[in-house]
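Read-outs: derived from the displayed coordinates by stated rules, not from any lab. The model shown is predicted, which means the values in this text are computed figures rather than measured ones. All Cβ positions, glycine included, derive from the backbone under ideal geometry; neighbour counts span all protein chains shown.
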Amino acid sequence: MGKNVTLPLTLCDILYCTCGSYNPQSCLFSQICNICCVLALWIVTIRFQQVRDLGSGSHLNTAGLVLGFISSIGISILGNFQQSVVMGVHLFGALMAFVLGLVYFWIQAWLSYYSSPSHDRKWVVPVRIVLCSLCTCLVICMFVLYKTGFRSEAAICEWALVMCCFALFAIFAAEFRHIDCHKLTVQNKERKSSSDANGCSFPVDYLSEQTIMLHPGSFWSVL
């Protein structure tokens with residue numbers, strides 16, 4: 001009489017998006033992807049403004065901003081349309097998130113190389129290029145292995161790709177640390193009285209500007 005043998009399912013046997021295809025994991029997976037989408041949009045916007053202030057690669061910087069926005073939205077699409085429900089939309093979101101996101105990081109590697117000289121550029125640019133090259137190889141291997149039926153190997157490439165993307169976002173910390181303050185201008189509307197030639201007084205609105213410098217260390221104290 002035969003026996004049923006159950007093989008253990010390891011992390012490397014499944015694609016990361018498969019983990020979020022079933023309840024209640026799908027709820028957590030969607031929420032995490034939405035949070036990552038918002039954080040990615042925030043990082044992309046700050047990076048665009050930083051490069052623009054440095055005055056390097058205006059058109060390329062704008063292209064990076066557009067690609068960064070599209071890839072960030074792809075993260076949300078990827079998480080909210082599970083592959084077990086709407087496979088086509090899920091794959092479209094994955095294409096936006098990974099392929100366009102990879103192009104975005106290549107643009108950032110180019111902008112970092114031609115930006116203003118700094119001590120961080122000596123190691124940020126090589127590390128970013130190595131990670132982008134690794135991500136490119138992982139994307140190609142993931143699609144080839146998945147099409148040829150090697151799902152476990154494709155899952156390993158996909159998990160490694162996600163970790164490399166996290167590392168690419170983390171490298172921005174070396175460049176964002178040079179952002180020391182933000183300037184916030186507030187206009188206060190004040191009412192003052194003035195008199196005409198006949199001596200009659202009437203109220204006049206004045207706009208006075210007040211500049212507040214928000215330093216990272218004092219941000220919470222301002223709130």
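Numbers below:
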item	result
Neighbour-count ranking [beta-carbon atoms within 10 angstrom, fewest first] of SER115, SER133	SER133, SER115
Order of TYR114, TYR104 under a 10 Å beta carbon neighbour criterion, fewest first	TYR114, TYR104
Exposure proxy order (Cβ contacts within 10 Å, fewest to most) of ASP120, ASP53	ASP53, ASP120
